[in-house]
Amino acid sequence: MPPGWFLSKSWVLIGISVLSGVIGGLGSAGLISLIHTALASQDRPTYLPWLFAGVVLLTIMARIIAALVVTHLAERLIYELRLDLSRKILAAPLSCLQTLGAPRLLASLTEDVATVAAAMQEIPWIGISGAIVFGCLMYMGFLSWPLLLLVVGAITLGTVTFLFAKSRALVALRAARESQDDIFVHFRGLTEGIKELKLNRARRNAFLSEGLEPSAAAYRRYSITGQGLFILAGNIASTLLFIVVGVILFGLPAQLSISNSILTGFVLALLYLMAPLAGLVEELPVLSRAGVALERIKALGQTLEASRESAGSGTQPRQVLFPGDLELIGVTHRYHREDDDHPFVVGPIDLTIRRGEIVFLVGGNGSGKTTLALLLVGLYAAEQGEIRMGGQRITEGEWERYRQQFSAVFSDFYLFDSLLGFHDRELDAEACDYLIRLQLDHKVRIEHGAFSTLDLSQGQRKRLALLVAYLEDRPFYVFDEWAADQDPVFKRIFYTEILPALKARGKAVVVITHDEGYFAVADHCLKLEEGKISEIWATEYKAGKEPIPAYPMGFLAQSDRAKLPGATT
């Protein structure tokens, strides 16, 4: 959402806020004239107290209106910016988001948006301060235009000094914002790696001294430099005005015939002018920070928009099927691994995954298994080759619809606290039934589609993620090391009950695994090595092995269980 879009949409409220601020500022400036008149008059007009009360009431009401309107605008801006960035994040390819990194995305969604909104709340006070300055200058001009020229000269000199300092300060503030991304990286390590840090004192000390502390120190250094320049420039401007006051009080009366009444009014207006002028100077760093934050938001939005995926209509049915099997034809994908100057290439992959089959995918760490899984489900794009489903080539505009054919539990899965996306189905009873089968009913309840707790072990959380995937009832399932965190009982249940049950329902299942003892459950066993795929299915995995006993958890019907090799009742 470009800033101009928000301004055009909210111009009425922004106008009301600015107008109210100007009225409040002019009212404050008008009070100077009334106060000076009351002090200088021997015989005060009877209307003067009423006029004073009226101007005070108008000024206060204008300030209240300006503050209320701008608060509404600021909160609306936070809402719009965060939703707009969130939509762009959801529409961007996974590879783009991984390149940007979670810290940068979180910094823009939190710090940058909040900084812009905070600056917006200063709009009415800028209007008020500006109106006070303008009103005071007009009143001083009415009293004595030669003295006004002296004041304008001092303000001009202070402005030039301030603009010079501002240009230098912006450089420091941009550097501070850059270092903030590094701080978010370390904050993530602090929160997610707290157990590892507590267990190793040397790692904990190095994390502080070599990671978090230098980044925080850089942010502190750049912030102090930027804000210090603003403070210095602002005080130079105030000093110039005090010099003008001194010149008017002690230098000019001897040279010019100016009455004490004019001098009193002029100095009173000048002193009253200093506070809003200093307020303007103090608010400018906030605006400068907002400008830097807005640059970051705009750059992030442009990056996300440039990589945006072509998606179909958001009103598609929950499950739009491509009937048939999944085919990868000459598919390749490359990426950079740590400590490797050359890109790692997965492929070319030629693979057919048929409905009603279980495929095991094995290979060493770094062999490309997870990358292949992400290619299968459409989260990574194939750089070469094509993907077909039901004989239909998946084109750019169909990736969103294609991805809706998959349910997956990745090794780094995220578990939401409710059954999102099931609004067209009443699932509480069905989900509770699966909780019992997965032996989670003593830990978790489901009420109105929400889980009562996620405070579970990793294995239990994976079971809950499996429950969600099972309820999605998609044609294709991908499990990335699901059984790695399960106890022997549930590992056996997964391979001998859950997978055959999915197969019996006509689902295609791809399982990334290292559990050789259960290879007999699979219809195909594929090995990925240095990005190249081969089938390692050997007769010893099927023949000559004792049948694998199953645990009757109810996932597989008795009639279906009898059809499957390698599993018995």
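The values are calculated or read from the model by the stated rules, or taken from the named source; none is laboratory data. Note that the structure is predicted; figures quoted are calculated from it, not measured. Here Cβ is always computed from backbone atoms with ideal geometry, including for glycine, and neighbour counts include all displayed protein chains.
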Practice task
Pairs only if they're at least six apart or on different chains, beta carbon under 9 angstrom, first in the range 492-511 and assigned by TED's automatic domain parsing to the domain that holds Gly459, second among the polar types (S, T, N, Q) and in a helix (DSSP H, G or I); list them, first residue then second.
Solution key: Ala504/Ser559
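Check Ala119, Ala131, Ala165, Ala172 and return the single one that is touching a Gly at 6+ places or on another chain (Cβ under 7 Å), more than 13 Å from Leu277 (Cβ to Cβ) and touching a residue at least 40 places away in the same chain (Cβ under 8 Å).
Details: Ala119 fails: touching a Gly at 6+ places or on another chain (Cβ under 7 Å); Ala131 fails: more than 13 Å from Leu277 (Cβ to Cβ); Ala165 fails: touching a Gly at 6+ places or on another chain (Cβ under 7 Å).
It is Ala172.
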Exercise for the section: Could you please find all residues in the range 508-523 being within 39 Å of the chain's Cα centre (by Cα) and crowded, with 20+ Cβ neighbours inside 10 Å? Expected result: Ala508, Val509, Val510, Val511, Ile512, Thr513
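Have a look at Asp487, Asp473, Asp455 and point out the one that is over 19 Å from Ala508 (Cα atoms), more than 29 Å from the chain's Cα centre (by Cα) and either surrounded by 13 or more Cβ atoms within 10 Å (Cβ to Cβ) or assigned by TED's automatic domain parsing to the domain that holds Arg354 (or both). Steps first, answer last, please.
Values: Asp473 fails: over 19 Å from Ala508 (Cα atoms); Asp455 fails: more than 29 Å from the chain's Cα centre (by Cα).
After applying the criteria, what remains is Asp487.
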Exercise for the section: List every residue pair whose Cβ atoms lie under 9 Å apart, where the two residues are 6 or more positions apart in sequence or sit on different chains, the first residue falls within the range 432-448 and is free of Cβ contacts under 8 Å to residues at least 60 places away in the same chain, and the second residue, located anywhere, is β-branched (Val, Ile, Thr) and in a loop (DSSP other than H, G, I, E, B). Expected result: Leu435/Val444; Lys443/Thr453; Val444/Thr453; Arg445/Thr453
Practice task
Tell me, please, whether a residue that is in a loop (DSSP other than H, G, I, E, B), in the same structural domain as Ala508 (by TED's automatic domain parsing), out of contact with any strand residue (DSSP E or B) (no Cβ under 6 Å at 6 or more places or on another chain) and within 26 Å of Asp515 (Cα to Cα) can be found in the range 337-355.
Solution key: yes
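What about Ser407, is it surrounded by 16 or more Cβ atoms within 10 Å (Cβ to Cβ), within 28 Å of Leu454 (Cβ to Cβ), assigned by TED's automatic domain parsing to the domain that holds Val510 and hydroxyl-bearing (Ser, Thr, Tyr)? Walk me through it before giving the result.
Numbers: surrounded by 16 or more Cβ atoms within 10 Å (Cβ to Cβ): yes; within 28 Å of Leu454 (Cβ to Cβ): yes; assigned by TED's automatic domain parsing to the domain that holds Val510: yes; hydroxyl-bearing (Ser, Thr, Tyr): yes.
When the stated conditions are applied, Ser407 passes them.
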Completion exercise
(1) within 15 Å of Asp412 (Cα to Cα); (2) modelled with pLDDT of 85 or more all hold for Ala504 apart from (1)
Fill in the blank from the handout: Only one of (1) of a type in the set (Ser, Thr, Tyr); (2) touching a residue at least 60 places away in the same chain (Cβ under 8 Å); (3) out of contact with any Phe, Trp or Tyr (no Cβ under 7 Å at 6 or more places or on another chain) does not apply to Ser407, and that is (3)
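Of these, Gly54, Gly101, which one is on the phi > 0 side of the Ramachandran plot and surrounded by fewer than 18 Cβ atoms within 10 Å (Cβ to Cβ)? Before the answer, list the steps.
Working: Gly54 fails: on the phi > 0 side of the Ramachandran plot.
Just one listed residue meets the conditions, Gly101.
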Problem - Complete set of residues in the range 370-393 that are more than 29 Å from the chain's Cα centre (by Cα) and in contact (Cβ under 8 Å) with a residue 24 or more places away in the chain - result: Gln384, Gly385, Glu386, Ile387, Arg388, Met389, Gly390, Gly391, Gln392
Exercise for the section: Go through the range 374-383 and give me each residue that's at pLDDT 85 or above and either farther than 22 Å from Ile512 by Cβ or touching an Asp or Glu at 6+ places or on another chain (Cβ under 9 Å) (or both). Expected result: Gly378
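Output the number of residues of the range 405-427 satisfying the condition of being under 30 Å from Glu192 (Cβ atoms) and either modelled with pLDDT of 80 or more or not hydroxyl-bearing (Ser, Thr, Tyr) (or both). Working first, answer last.
Let us first name the residues in the range 405-427 that are under 30 Å from Glu192 (Cβ atoms), namely 406-422.
Now narrow it down to the ones that are either modelled with pLDDT of 80 or more or not hydroxyl-bearing (Ser, Thr, Tyr) (or both): 406-417, 419-422.
Total meeting the criteria: 16.
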Problem - Condition check for Thr453: in contact with a Phe, Trp or Tyr (Cβ under 7 Å, 6 or more places away or on another chain) and at negative phi - result: no
Problem - Hits in the range 208-250 - residues which are under 30 Å from Lys198 (Cβ atoms) and hydrophobic (A, V, I, L, M, F, W, C) - result: Leu208, Leu212, Ala216, Ala217, Ala218
Handout entry: Residues that are surrounded by fewer than 20 Cβ atoms within 10 Å (Cβ to Cβ) and over 14 Å from Gly27 (Cβ atoms), drawn from the range 116-142
Key = Ala118, Gln121, Leu137, Gly141, Phe142
Problem - Pairs, first closer than 29 Å to Ile297 by Cα in the range 57-79, second among the small types (Gly, Ala, Ser) and part of a helix (DSSP H, G or I), C-beta under 6 Å, six or more apart - result: Ala66/Ser17; Ala66/Ser20; Ala66/Gly21; Val69/Ser17; Val70/Ser17; Ala74/Ala117; Leu77/Ala117; Ile78/Ala117
Exercise for the section: Could you grab the pairs with beta carbons closer than 8 Å, sequence gap of 6+ or different chains, first residue in the range 259-286 and crowded, with 21+ Cβ neighbours inside 10 Å, second one not in a helix (DSSP H, G or I)? Expected result: Phe266/Ser144
Handout entry: Counted residues, the range 287-319 - those being surrounded by fewer than 18 Cβ atoms within 10 Å (Cβ to Cβ), among the β-branched types (Val, Ile, Thr) and either assigned to a helix (DSSP H, G or I) or modelled with pLDDT of 70 or more (or both)
Key = 1
Handout entry: Test for Lys527: is it charged (D, E, K, R), part of a helix (DSSP H, G or I), assigned by TED's automatic domain parsing to the domain that holds Gly347 and farther than 19 Å from Phe410 by Cβ
Key = no
Handout entry: In the range 384-404, residue surrounded by the fewest Cβ atoms within 10 Å (Cβ to Cβ) [restricted to those that are over 24 Å from Gly506 (Cα atoms) and modelled with pLDDT under 85]
Key = Glu396
Exercise for the section: State which residue is nearest to Ser411 (Cα to Cα) when the search covers only the range 428-469 and only residues that are among the polar types (S, T, N, Q) and assigned to a helix (DSSP H, G or I). Expected result: Gln458
Practice task
Could you tell me whether any residue of the range 363-376 is assigned by TED's automatic domain parsing to the domain that holds Tyr495, aliphatic (A, V, I, L, M) and part of a strand (DSSP E or B)?
Solution key: no
Practice task
Would you point out which residue out of Leu105, Leu83, Leu97, Leu58 is at pLDDT 80 or above and under 30 Å from Leu268 (Cβ atoms)?
Solution key: Leu58
Handout entry: Those residues of the range 470-512 which are part of a helix (DSSP H, G or I), under 23 Å from Gly390 (Cα atoms) and of a type in the set (Gly, Ala, Ser), in sequence order
Key = Ala501, Ala504
Problem - Top-ranked residue of the range 513-524 - restricted to ones that are of a type in the set (D, E, K, R) and not in a helix (DSSP H, G or I), ranked as nearest to Arg437 (Cα to Cα) - result: Asp515
